[in-house]
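Student: First, the structure itself, so that you have it in front of you.
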Amino acid sequence: MSEVVIKNADYVVTMDDTRATIANCDILMRDGVIAEVGKNLSSTGEIVNAIGCVVTPGLVNTHHHLYQTLTRAVPGAQDALLFGWLQRLYPIWSRFGPEEMRVSAQAGLAELALSGCTMSADHLYLYPNGARLEDTIEAAAEVGLRFHPTRGAMSIGESDGGLPPDNLVEREQDILNDCIRVVDGFHDATEGSMVRVGIAPCSPFSVSRELMRDAAILARDKGVMLHTHLAENDEDIAYSLEKFGCRPGQYAEDLDWTGADVWHAHCVKLNCQEIDLFARSSTGVAHCPCSNCRLGSGIAPVRAMRDAGVNVGLGVDGSASNDTGNLMSEARQAMLLQRVFRGADAMSAQEALEIATRGGAEVLGRKDCGQIVPGKRADLAVWDVSGVESAGSWDPAALLLAGPNKVRDLFVEGRQVVRDAQMVTIDLPKVVERQNALARRLIE
Ligand SMILES: [Zn+2]
């Protein structure tokens, strides 16, 4: 039996059903699970002093392309709209291989961990030069985060009128076969699972209608989740109307891409009927505010989605379109963007934190995570609020309104991943050095 007790936190933000925040509180973790939350808890195990700290559930990232941490701030892609941005980056990504996938996943996940993230999805939709999904799964196991990799895919290359170069697309039968291979090989459906695999054609404009339909059938057959990009910007809507004769929501519904086992990234351009469809069908949304700003896509109607009952989580999106991977900053950006759109009362700090924690866990189908409640998995972020960013603050909401945006300690399944703002699971300076060497090789 392994126990860790967090003692005397200034506040514990539980995200339980009453959204309780408890002052002067302890948390006892036992064998990867939260055993008790309350005052004066004792344990024979390790004691972590949390005086001067706020403890929250670990943040959950519902959309990323980890491989893109190797292509941040690429000249020529810094100021382009989505389609032009993709065309600049595709030729660079086509030179990636297994090592690029593994090292960039380690760097991206470590960056997330340091910002309070305990669980991340990833959307890997290109497999050049022998790269495989397990390159990222192995990286996540080393870093120690809970991981929901999705087997992405593109099948419509330039010669078929698509955007990606032909050498980055795959045959649709090969895609489906590899989906079966990675689900059978790596998906763990059990409670407390550290790896759940999803199926995720890149977007409606990079695969055929048949592959979208077959992916949905396969996911239902295997009991895994479905993910893709949807309704990201005006170009995306125009493409859907022209090619499919309908809006993205209709396309998704027609192909069985709605339901509690589906989540779509972005959804910036969902209209009222589509929001209603998502709410009725329990379809989830990965809201990526920084990426939407960076690519000028627009402001997702998150207030309207939440009011309608849509499950919304947060995503940092790939590091080629953010270009950072700080999930706490992303939560702040989500809050600020709704206020730009709808006024200062459009979203509270508490609600933004809820979307970043419990909301994301629900989008990923993880009822066992995202709350500091006995019986839930011990995924916790400990924030030191004794520093200058928080000096003079009156309320734990300062975590989003002020800072800090880096954790002091992070626990995943009760295991410490970050201690005193340093990674303890991997040699991060070494990963960064290797990452920079790989980036230099791509630039040459
Ligand atoms: Zn994306």
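Student: Net charge around Gln333, counting only other residues with Cβ within less than 11 Å of its Cβ (Lys, Arg = +1; Asp, Glu = -1)?
Tutor: Combined, the nearby Lys, Arg, Asp and Glu give +2.
Student: Run through the range 64-147 and list the trypsin sites (Lys or Arg not before Pro) located in a DSSP loop whose Cβ has at most 13 other Cβ atoms within 10 Å.
Tutor: Arg95
Student: I need the P(r) histogram for the chain: all alpha carbon pairs, bin width 10 Å from 0 out to the longest distance, whole percents.
Tutor: 5, 23, 33, 26, 11, 2, 0
Student: Could you please tell me the mean projected area of the C-alpha convex hull for the range 1-124, averaged over all directions and given in square nanometres to one decimal?
Tutor: In nm², the orientation-averaged hull projection of the range 1-124 is 11.0.
Student: Taking a 32 Å limit on the Cα-Cα distance, which of the listed pairs Lys367/Lys406; Lys222/Lys243; Lys39/Lys430; Lys7/Lys222; Lys243/Lys406 fall beyond it?
Tutor: Lys39/Lys430; Lys7/Lys222; Lys243/Lys406
Student: Can I ask one more? Roughly speaking, what is the centre-to-centre gap between the range 338-413 and the range 1-63 when only Cα atoms are used, to the nearest Å?
Tutor: 14
Student: Size of the dipole of the range 328-430 about the Cα centre, Lys and Arg at +1 and Asp and Glu at -1 on the beta carbon, nothing else charged, in debye to 20?
Tutor: The dipole of the range 328-430 has a size of about 200 debye.
Student: Counting other Cβ atoms within 10 Å, keep those with at most 14, restrict to DSSP loop, and tell me which trypsin sites (Lys or Arg not before Pro) in the range 273-376 are left.
Tutor: Of the trypsin sites (Lys or Arg not before Pro), the ones in loops of the range 273-376 whose Cβ has at most 14 other Cβ atoms within 10 Å are Lys367.
Student: Let me ask you something else. GNM on the chain, C-alpha springs below 10 Å: top fluctuator among Gly144, Gly162, Gly298?
Tutor: Of Gly144, Gly162, Gly298, the most mobile in the Gaussian network model is Gly162.
Student: Next up: Compute the Kirkwood hydrodynamic radius of the range 94-193, taking the inverse of the mean of 1/r over all pairs of distinct Cα atoms, and give it in Å to one decimal.
Tutor: Result for the range 94-193 stands at 14.5 Å.
Student: So what's the back-of-envelope 222 nm ellipticity for the chain, counting only DSSP H runs of four-plus at -39500 (n - 2.57) apiece and dividing by all residues, rounded to 500?
Tutor: Computed ellipticity for the chain at 222 nm equals -10500 deg cm²/dmol.
Student: Could you work out, for the range 155-214, what percent of all Cα-Cα pairs fall into each 5 Å distance bin, beginning at 0 Å and stopping at the bin that holds the largest distance?
Tutor: Calculated over all Cα pairs of the range 155-214, the distribution is 4, 16, 24, 20, 14, 11, 7, 3, 1 percent.
Student: When the convex hull of the C-alpha atoms of the range 241-317 is computed, what volume per residue in Å³ does it have?
Tutor: 91
Student: Right, something else. So, how do all the Cα-to-Cα distances of the range 199-264 break down into 5 Å bins, in percent, from 0 on up?
Tutor: Per 5 Å bin, starting at 0, the Cα pair percentages come out as 3, 19, 33, 25, 13, 5, 1.
Student: Calculate, for the range 181-250, the solvent-accessible area per residue in square angstrom, rolling a 1.4 angstrom probe over the heavy atoms of the protein chains.
Tutor: 40
Student: State the percentage of accessible surface on the range 248-373 attributable to carbon and sulfur atoms; use a 1.4 Å probe and exclude ligands, DNA and RNA.
Tutor: With neighbouring chains kept in place, the figure for the range 248-373 is 47 percent.
Student: To the nearest whole percent, what portion of all C-alpha pairs in the range 340-406 is separated by more than 16 angstrom?
Tutor: 58
Student: Principal axis lengths of the range 310-444 from Cα atoms, whole Å, largest first?
Tutor: So the extents along the principal axes, rounded to whole Å, are 49, 37, 37.
Student: Highest GNM mean-square fluctuation, the chain, Cα pairs closer than 10 Å: which of Thr21, Thr71, Thr62?
Tutor: Thr21
The values are calculated or read from the model by the stated rules, or taken from the named source; none is laboratory data. Quick caveat, the model's predicted, so the values are computed rather than measured. Virtual Cβ from ideal backbone geometry, glycine too; neighbours counted across all protein chains shown. The area values use the complete protein model at the heavy-atom level, side chains included, leaving out ligands, DNA and RNA. Shrake-Rupley method; radii C 1.70, N 1.55, O 1.52, S 1.80 Å.
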